[in-house]
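Here the structure comes first, spelled out in structure tokens, and everything after it is commentary.
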2 protein chains.
Amino acid sequence: MAVESARARTLQHVEPGDVPLQAALDALADPVRRSILRDLAVHEDWTRACGTFDLPVKKATASHHFAVLRSAGLIEQRDEGARRLNRLRRSEFDDAFPGLLAATIDRAD
Amino acid sequence: MAVESARARTLQHVEPGDVPLQAALDALADPVRRSILRDLAVHEDWTRACGTFDLPVKKATASHHFAVLRSAGLIEQRDEGARRLNRLRRSEFDDAFPGLLAATIDRAD
């Protein structure tokens, strides 16, 4: 339980409705982060682990990108054993920022 | 004529369809630039001169913001005497990036 609690603390989430527009735009204005979101958009929730994304950056940088996406209310994460699984918060984010995801990740860069 | 040509050269415009998504998002991910766009959105085309915007930045910085917006295909500018007039390229930008302006400037920050 203590271990789980410690882990849970490292995975703070922000509700999309509490995210300022500036933070949402900052999160989306990066090609690596958009590629993560596009990947999640075409896969079932909780089926993609952080380590399985093919990203052109080092692991620490990738972790930073996932953290930015989580802070912007764009993804939800949970740990399952050694894997950190991801889910795109499509409907919640769409409620908070109508049309923004469609305008940014439903098209090629 | 020579003076007009020199001026025209300083006002290069980019078609929204030629703007990369990254450049569009970078242009929109700034609160001062969004305030300029919101101002233009509620005024008639060519009625707002650069010097008349109430912006919390110095003149040189404001000029930079207008240039970024022009380079991203978001505004059109033309000189009329000493004034530089502006127009929001709403329909052209909407064609190139459907929903993006609505998601960013049709709402408060």
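Bear in mind these aren't lab numbers, they're just calculated from the coordinates by the rules spelled out. What you see is a predicted model, and the numbers here were worked out from it, not measured in a lab. With ideal geometry, Cβ positions are generated from the backbone for all residues, glycine too; neighbour counts draw on all protein chains shown.
Can you list residues from other chains, or at least 5 along the same chain, whose modelled amide H is less than 5 Å from the amide H of B:ARG84?
Close amide H contacts, sequence-distant or interchain: B:CYS50, B:GLY51.
Place a +1 charge on the Cβ of each Lys and Arg in the protein assembly as shown and a -1 charge on the Cβ of each Asp and Glu, then give the dipole magnitude about the Cα centre in debye, rounded to the nearest 20.
Roughly 700 debye, rounded to the nearest 20.
What value, in deg cm²/dmol to 500, does the helix sum -39500 (n - 2.57) over DSSP H runs of n ≥ 4 give at 222 nm once divided by the residues of chain B?
Computed mean residue ellipticity for chain B: -14000 deg cm²/dmol.
Over the Cα atoms of chain A, what radius of gyration and what Dmax do you get, in Å?
For chain A, the Cα radius of gyration and maximum Cα-Cα distance read 13.5, 43 Å.
By per-residue mean of other Cβ atoms within 10 Å, what is the highest-first order of B:49-55, B:85-91?
Answer by packing, highest mean first, reads B:85-91, B:49-55.
Quickly work out the B:ALA82-to-A:SER71 label distance, labels modelled 7 Å from Cα along the C-beta direction, and quote it in nm with one decimal.
4.5 nm
May I have the extent of the alpha carbons of the protein assembly as shown along their three principal axes, as whole Å values ordered from largest to smallest?
The principal-axis extents, from largest down, are 76, 29, 27 Å.
So which residue, out of B:ARG33, B:ARG83, B:ARG70, gets the largest mean-square fluctuation from a GNM of chain B using Cα contacts under 10 Å as springs?
Sorting by GNM fluctuation, first place goes to B:ARG83.
Can you tell me the relative contact order of the stretch B:8-89? Whole percent, Cα pairs under 8 Å, sequence separation 6 or more.
Details: 89 pairs, mean separation 33.3, N = 82.
Across the stretch B:8-89, relative contact order equals 41 percent.
For helix B:31-41, report the angle its Cα long axis makes with the longest principal axis of the Cα atoms of chain B; keep it between 0 and 90° and round to the nearest 10°.
Approximately 80 degrees, to the nearest ten.
Name the residue from B:HIS64, B:ILE75, B:SER91 whose Cα lies farthest towards the positive end of the charge dipole of the stretch B:33-105, charges +1 on Cβ of Lys and Arg and -1 on Cβ of Asp and Glu.
Working it through, the farthest residue towards the positive pole turns out to be B:HIS64.
In peptide B:21-32, what is the residue-averaged number of other protein chain Cβ atoms found within 10 Å of each Cβ?
If you average over the peptide's residues, the count of other-chain Cβ atoms is 5.
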